[in-house]
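This report concerns only the one structure given below.
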Amino acid sequence: MPELPEVETYRRFLDELLLHQTIVQLDVFDAHVLAEPEAALRQAVVGATVTGTRRLGKNLFLELSTGRMLVLHFGMTGDVGAYRDEPDRPRFTRVAFELADGLRVAFIDPRKFGRLRLADSVADFQRQKKLGPDALDLTLAELQTALRGRKTLLKPLLLDQRLAAGLGNWIVDEVLFQARLHPERVAGSLTPAEVAQLHAAIGLVLTTAIEAEARYRQFPTSFLIHAREWDAYPVPGSEAYKHCPTDQQAIVKKYVGGRATYYCPVCQKEQ
């Protein structure tokens, strides 16, 4: 599932392709991914120039010269690509934007859970969707306020997009591992020092993932994500990823708040 690091990678890709380019044609191959009437979307984007790109959590925004914004949400399997000739159109392209020079930018989504919609501004979209600040912009003071007095378990609370937009399942597991906090700690029980550790871990995990362009095999061996076995471990032939890199304890998988959760029972003691 595209999380914040993937979407930031997509944003940078589209920024290189689309900035100051005019969309001359919109090709809709599957209207299922449209959260707007096709005619309204076509009217909003065809002839408009892309003046900027932005991101809030897992949502990507194309700023248009008309003053409106096109919002891309990638669902479970969304991606972006580019092509020129029809035979080269990526499989599962649902919508394509053709530029004046003939380049086409594809919104790709095999499972069709992604959505394209219009918004007047990022702030308006954020308010309508009840999203918190972007997780990369979350301040320590905001995190302290969000946790104070809360009796909710830590992991489910961090997954609540009203607290911070963009903290997904594996990211929260990694953040809690790096902060040495148990996913079932009561959020309000954290000390000021632990909240500071948590805030620092959010920044560490997100910036590391973005720098690696969300390629999991490039993440440090000190990261828990390798236990999920989504990609090859950085050390060929090793199964060290099944154990905590700090104390070699076997990584535990359980369900917290209905979500698959990975943690080290030694480093992340339940208190």
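May I ask you to list the residues in the stretch 10-57 that are over 15 Å from Val105 (Cβ atoms) and of a type in the set (S, T, N, Q)? It would help to see each step written out before you state the result.
Applying the first criterion (over 15 Å from Val105 (Cβ atoms)) to the stretch 10-57 yields 30-32, 34-40, 42-44, 47, 51-52, 54-57.
Of everything in the stretch 10-57, those that are over 15 Å from Val105 (Cβ atoms) and of a type in the set (S, T, N, Q) turn out to be Gln43, Thr51.
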Quiz item: Out of the stretch 214-242, which residues are modelled with pLDDT of 85 or more, within 18 Å of Val172 (Cα to Cα) and not aliphatic (A, V, I, L, M)?
Solution: Arg215, Tyr216, Phe219, Pro220, Thr221, Ser222, Phe223, His226, Arg228, Glu229
Practice problem: Specify which of the listed residues (His182, His199) is at negative phi, outside any helix (DSSP H, G or I), in contact (Cβ under 8 Å) with a residue 40 or more places away in the chain and surrounded by 15 or more Cβ atoms within 10 Å (Cβ to Cβ). | Solution: His182
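Would you check if Val7 is of a type outside the set (Asp, Glu) and in contact (Cβ under 8 Å) with a residue 24 or more places away in the chain? Spell out the reasoning first.
Numbers: of a type outside the set (Asp, Glu): yes; in contact (Cβ under 8 Å) with a residue 24 or more places away in the chain: yes.
Considered against the rule, which asks whether it is of a type outside the set (Asp, Glu) and in contact (Cβ under 8 Å) with a residue 24 or more places away in the chain, Val7 comes out as yes.
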Quiz prompt | Top-ranked residue in the stretch 135-163 [being in contact (Cβ under 8 Å) with a residue 40 or more places away in the chain and under 29 Å from Glu229 (Cβ atoms); ranked as surrounded by the most Cβ atoms within 10 Å (Cβ to Cβ)] | solution = Ala135
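Does the stretch 222-240 contain any residue that is of a type in the set (S, T, N, Q) and crowded, with 19+ Cβ neighbours inside 10 Å? Before you say what the answer is, go through the steps one by one.
Kept after step one, since they are of a type in the set (S, T, N, Q), are these residues of the stretch 222-240: 222, 238.
Retained after the next criterion (residues that are crowded, with 19+ Cβ neighbours inside 10 Å): none.
Within the stretch 222-240, none of the residues are of a type in the set (S, T, N, Q) and crowded, with 19+ Cβ neighbours inside 10 Å.
Restricting the search to the stretch 212-255, which residues are of a type in the set (S, T, N, Q) and under 27 Å from Thr9 (Cα atoms)?
Just the residues of the stretch 212-255 that are of a type in the set (S, T, N, Q), to begin with: 218, 221-222, 238, 246, 248-249.
Within the stretch 212-255, Gln218, Thr221, Ser222 qualify.
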Quiz item: Which members of the stretch 185-196 meet the condition of being without any contact (Cβ under 8 Å) to a residue 40 or more places away in the chain and either of a type in the set (Val, Ile, Thr) or not in a helix (DSSP H, G or I) (or both)?
Solution: Val186, Thr191
Self-check item: Long-range neighbours under 6 Å by Cβ, at least six apart or interchain, first residue touching a residue at least 24 places away in the same chain (Cβ under 8 Å) and under 15 Å from Leu60 (Cα atoms) within the stretch 70-87, second surrounded by fewer than 18 Cβ atoms within 10 Å (Cβ to Cβ) and of a type in the set (Lys, Arg)
Solution: Val71/Arg117; Met76/Arg111; Thr77/Arg111
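The values are calculated or read from the model by the stated rules, or taken from the named source; none is laboratory data. None of these values were measured; they are calculated from a predicted model. We place every Cβ from the backbone using ideal geometry, glycine too, and count neighbours over all the protein chains shown.
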